[in-house]
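> Handing you a structure now.
The values are calculated or read from the model by the stated rules, or taken from the named source; none is laboratory data. Note that the structure is predicted; figures quoted are calculated from it, not measured. Note: ideal-geometry Cβ built from the backbone for every residue, glycine included; neighbour counts use all protein chains shown. Just so you know, the surface numbers come from the protein's heavy atoms only, side chains and all, with ligands and any DNA or RNA stripped out. Shrake-Rupley method; radii C 1.70, N 1.55, O 1.52, S 1.80 Å.
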Amino acid sequence: MTTADGVVEPGHAPKGRGGVRAFLRLVMIEHSVFALPFAYIASLTAMFQAGRSVHWVELLLVTVAMVGLRTFAMACNRIIDREIDARNPRTAGRELVTGAVSVRSAWTGALVALAAFLGAAALLNPLCLALAPIAVVPMVVYPYGKRFTHFPHAILGLAQAMGPVGAWIAVTGAWSWDAVILGLAVGVWIGGFDLIFACQDVQADRAHGVLSVPARFGVPAALHGARGCHVVTTGLLVWYALATGAGAFFWAGLALVAVAFVYEHTIVRPHDLSRLNRAFFTTNGFIGISLFGCALADLLARGLTV
């Protein structure tokens with residue numbers, strides 16, 4: 001049994017405390033679907049430009065690096081925010097609050113994930129390894145953001161923007177402004193839907209001094225901000241398509257993304273957040289997967305060999 005302060009009472013600790021399954025639930029491993037597709041788009045585009053062939057070992061290492069860094073970030077987020085989570089009815093059932101995962105186990109999982117990320121970066125190329133610590137910093141800063149700024153969503157966006165840039169560097173060992181355009185698109189996109197997600201916690205955030213755009217400026221302002229972010233995201237994806245010479249399949253993917261954005265902002269309204277989870281999880285998952293599928297089809301049609 002868990003008290004109002006998030007402390008598990010003696011004799012009521014859930015079974016499986018610290019288990020792998022509980023840890024994977026803690027970090028919501030399935031949500032890697034939001035970031036991985038864009039890392040793959042960057043990697044495969046870089047491979048296409050470099051020699052028109054897929055390098056599977058590099059793609060595997062990119063996957064390990066992305067999942068490792070995201071898992072580390074989520075574990076840190078849950079550990080740092082566990083007291084805030086305990087005071088919010090929506091998050092009071094999270095594993096660190098209920099005791100399904102101990103703080104020690106969460107830190108162990110986080111460090112294992114960090115080691116996987118750094119190991120993959122080391123195996124890719126020297127520049128990846130040199131830049132790896134920079135990628136870690138915003139992952140740790142983000143959970144603290146809601147304590148000192150009303151715009152923690154921007155920190156999250158910055159953290160996520162580095163994924164495509166890192167994936168491109170993983171393949172080429174060199175900086176790419178094309179990757180920066182894609183990274184900015186991803187960062188603004190994720191920052192935008194984090195604005196939507198934060199709307200459901202307005203009352204709890206205001207009650208406990210947690211900072212966010214919805215808590216400071218209200219739900220309508222946050223939803224308007226999210227719409228603006230997604231307009232900018234669409235523009236950046238168009239810019240990326242032009243910069244990389246994308247073909248018809250990629251442009252078809254962009255059309256799907258635009259339709260998904262319109263749908264997302266149609267079903268979430270300031271006074272009706274009942275379909276927020278559909279907007280957040282289903283729609284944004286569709287955006288990542290569909291654009292990756294179209295980008296892959298486009299690269300294959302243009303001559304990428306597997």
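> How far apart, in nm, are the 7 Å Cα→Cβ label points at Tyr144 and Val262?
It is 4.4 nm.
> So, one more: Relative to the first principal axis of the alpha-carbon coordinates of the chain, what is the inclination of helix 103-124, with its axis defined by its Cα atoms, in degrees from 0 to 90 and to the nearest 10?
Approximately 10 degrees, to the nearest 10.
> Next up: Write down the accessible area per residue of the range 168-275 in Å², having rolled a 1.4 Å probe over the full set of protein chains.
43
> While we're on this one: What do you get for the angle between helix 126-148 and the principal long axis of the chain? Use alpha-carbon atoms, 0 to 90 degrees, nearest ten.
40
> Can you give me the solvent accessible area of Met139 with a 1.4 Å probe, rounded to the nearest 10 Å²?
Rounded to the nearest 10, the figure is 20 Å².
> So what's the back-of-envelope 222 nm ellipticity for the chain, counting only DSSP H runs of four-plus at -39500 (n - 2.57) apiece and dividing by all residues, rounded to 500?
-24000 deg cm²/dmol
> Using a probe of 1.4 angstrom, how much of the accessible area of the chain is carbon and sulfur, in percent?
C and S fraction of accessible area: 68 percent.
> Rg/Rh for the range 159-216 to two decimals, with Rh computed the Kirkwood way over all alpha-carbon pairs.
1.23
> Relative to the longest principal axis of the C-alpha atoms of the chain, give the angle of the C-alpha long axis of helix 152-172, reported between 0 and 90° and rounded to the nearest 10°.
Approximately 40 degrees, to the nearest ten.
> Output the relative contact order of the chain, whole-number percent, from Cα pairs under 8 angstrom with separation of 6+ residues.
21
> Would you mind pulling out the separation of the Cα centroids of the range 250-306 and the range 26-86, in Å?
Computed from Cα coordinates, the inter-centre distance equals 18 Å.
> Each residue of the range 248-259 in turn: what ³J(HN,Hα) in whole Hz from Karplus with 6.51, -1.76, 1.60 and θ = phi - 60°, glycine and Pro shown as x?
Computed from phi, the couplings for the range 248-259 are 4, 5, 5, 5, 5, x, 5, 5, 4, 4, 4, 5 Hz.
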